[in-house]
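Engineer: Mind having a look at this structure? Questions to follow.
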Amino acid sequence: MPEADAATLDVLFTELLEALADEKMDSVPDVIKKSILARLNEAPPLEIEEGLHNLWRLMRNITCEHCWTHLPPEKRKGNTLRDEIRNYFSDQEQARRQLEEAMPIEDAAKILRQPGAIKSLADFILGPNELSKEAAALSARLNSGQDPFSIHLPYTKAFMEDSWQPVGWTDYSERLDKAFQLLEHIAVIAHDRLGDTPLFWAVLGPIHDTLHHDAQHGFRQEIRRSEYLVLRKRVAEGRADMWDYWMLLHHESETDRVYVCDEMIDHALAASGVELEAFFEALDDEREDLGNRMPEIELPNPDRLWRQILERPQPSTLRDRPRGNQESAVSVRLLGRGGLYFWTTSTQHYGPSLMLAALGIALEGDLLLRFHDLDIPPFLPFWTGAKVAAEVCHWIFARDCFHRALLDIRLFASGLTTEGWRRAVEEYRFDLSFVDELFLRFGDEPIPQLHVALYFAIESLQAADVAEDAVIRLKFEHLGRRHKVQILGDVIRLSGALGERLWSRLP
């Protein structure tokens, strides 16, 4: 094609990234390879740099170690291979042998081949999802056919999209593997055209390091130093996303970290919901090194980051959300992730009530909202959310959170006999200070929702054989007596108050 009509490298690298994201493709199409290599040889340096900024979104997640795995067997054993790489392969081989000795692959396959094994796995995965649907359906039946949280949280459940952010469900190394030979050619040509520039080392340094596996000391220092310079440049030019800011924080001194964190929080106000969700998903991949601590606690001001996210403009109803612009709103998944942060970092589990409610919905088991390993009953975040909302006089939201907490006790009461949930409930402070006000404000509604839900909760705790002296049972039976919601005789009283038609629809 004529040079004037040729696609620029930033466009061609975008096409490359999209091709690598296509799971149906095992390799890069030849037309993309030829176009990139041809353009790379004739493009001016500034255009090459623009292209590398696009390629950065893939390569910032790639280590030298993974690139070494592409060395063919004969080079791995060569005399010129530097000690650093030789020791890496030796350690990997030892780790592989230890894993095989612990549980041979054949044994794992036998387990999955056992009768009913796959079905049991499916039941394990699908069970929680069905419970979450039942919670929403029960709430809707008691609220004129609509679950209140479809109004309070009218957002996308989750952005399970590939937006070239560092999302946990994306394996970037597999994408690199599809294009490794092409990237080797790109690295050779780019080095000839650009020389030892920071952008070259930051983006293609790991590839160059593998191509020069016989170099005595390798190129880690150049890559590390250049990564910092490129990150600073991306921030200064307005190219940086949340993950760039996170990477930059690990390069900065304590004083400069505060400044970078402030810039990161400002960016979060304008970032898309897709980017934010992907960022925290990627952070959670790092939690193994931090135990149960949230990775963002490393930030100078993580509370401000989450509250900034909550303050982003949100559609008040589904109808207010412009078509094709859903990614401007945060998802329920992200709000729940914020609830998880406040739950695990606050001594009293305090935080924004909307985020705590979203955490409760996630804990009910919806598979799209699974972002956590928190082992607590879902009604605990709803209870705290109700208390927080009542403290700022958001009474309708407080009522709906408390109502959902009571309904979840009915659905999940059997789990209270397990050690983990029993300990979580025993340690939780069931503050009743706001409940009387809720019954005072909403107890005389035509359909006594709070009375019905409290009745269900007390009945379920008794049916689940929760110990009579358990804190949760004592608290709820006390509430029942105070608000004249008892077990004996209440079926008749409640059925009369609700009417036969509605009563017959309740579970």
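The values are calculated or read from the model by the stated rules, or taken from the named source; none is laboratory data. In this text the structure is predicted, and so the values were computed from the model without any measurement. Every residue, glycine as well, gets a Cβ built from its backbone with ideal geometry; the counts of neighbours run over all protein chains shown. With ligands, DNA and RNA removed, areas are computed over all heavy atoms of the protein, side chains included. Shrake-Rupley method; radii C 1.70, N 1.55, O 1.52, S 1.80 Å.
Engineer: I need the shape label for region 2-99. Rule: rounded when a/c is under 1.5, else prolate if a/b > b/c, else oblate, with a, b, c from the alpha carbon gyration tensor.
Structural biologist: prolate
Engineer: Rounded to a whole number, what % of the accessible area of region 433-488 do carbon and sulfur atoms account for, probe 1.4 Å?
Structural biologist: 52 percent
Engineer: Right, next: What is the spin-label model distance, in nm, from residue 474 to residue 432 if the labels are put 7 Å beyond Cα along the C-beta direction?
Structural biologist: 1.1 nm
Engineer: Return the FRET efficiency for the residue pair residue 34, residue 344: r is the Cβ-Cβ distance, R0 is 56 Å, and the value is rounded to the nearest 0.05. Could you put the intermediate results ahead of the total?
Structural biologist: Numbers: r = 51 Å, r/R0 = 0.92.
About 0.65, to the nearest 0.05.
Engineer: Here is a follow-up. Could you sort 399, 234, 410, 96 by accessible area so the largest value comes first, with the probe set to 1.4 Å? Write down the numbers at each step before the final one.
Structural biologist: Numbers: 399 40, 234 15, 410 60, 96 105 Å².
Listed by decreasing accessible area, they come as 96, 410, 399, 234.
Engineer: Please give me the summed charge of the neighbours of residue 310: other residues whose Cβ is under 13 Å from its Cβ, Lys and Arg +1, Asp and Glu -1.
Structural biologist: Charge balance in the 13 Å sphere: +2.
Engineer: Keeping all protein chains in position, work out how much accessible area residue 475 exposes to a 1.4 Å probe, and write it in Å² to the nearest 10.
Structural biologist: Residue 475 exposes around 70 Å² with every protein chain in place.
Engineer: Nothing charged except the Cβ atoms of Lys and Arg (+1) and of Asp and Glu (-1): what's the magnitude of the dipole of region 334-419 about its Cα centre? Round to the nearest 20 debye.
Structural biologist: Values: 6 positive and 8 negative charges, 43 e Å.
It comes to approximately 200 debye.
Engineer: Hey, another quick one. For residue 484, which aspartates and glutamates qualify as cross-link partners when the Cα separation must be under 16 Å and same-chain residues fewer than eight apart are set aside?
Structural biologist: Result set, ordered by chain and number: 436, 437, 444, 445, 459.
Engineer: Normalised by the number of residues in region 353-406, what is the relative contact order in percent for Cα pairs under 8 Å and 6+ residues apart?
Structural biologist: Once normalised by length, the contact order is 37 percent.
Engineer: When the chain is fully extended, how far beyond the present Cα-Cα distance does residue 94 get from residue 269, taking 0.36 nm per residue of separation?
Structural biologist: Using 0.36 nm per residue and subtracting the Cα-Cα distance, I get 58.3 nm.
Engineer: If you take the square roots of the eigenvalues of the alpha-carbon gyration tensor of region 331-473 and sort them as a ≥ b ≥ c, do you get rounded (a/c under 1.5), prolate (a/b over b/c) or oblate? Display every interim value, and only then the final one.
Structural biologist: On the way: a/c = 1.55, a/b = 1.08, b/c = 1.44.
Taking the square roots of the gyration eigenvalues as a ≥ b ≥ c, region 331-473 is oblate.
Engineer: Show 84, 47 ordered by accessible area, largest first, where the area counts protein heavy atoms only and the probe is 1.4 Å.
Structural biologist: Result of the area sort, largest leading: 84, 47.
Engineer: At 7 Å along the Cα-to-beta-carbon direction for both residue 77 and residue 146, put a label point, then send me their distance in nm to one decimal.
Structural biologist: Roughly 7.2 nm, to one decimal.
Engineer: I need the shape label for region 337-398. Rule: rounded when a/c is under 1.5, else prolate if a/b > b/c, else oblate, with a, b, c from the alpha carbon gyration tensor.
Structural biologist: Since a/c reaches 1.5 and a/b is larger than b/c, the shape of region 337-398 is classed as prolate.
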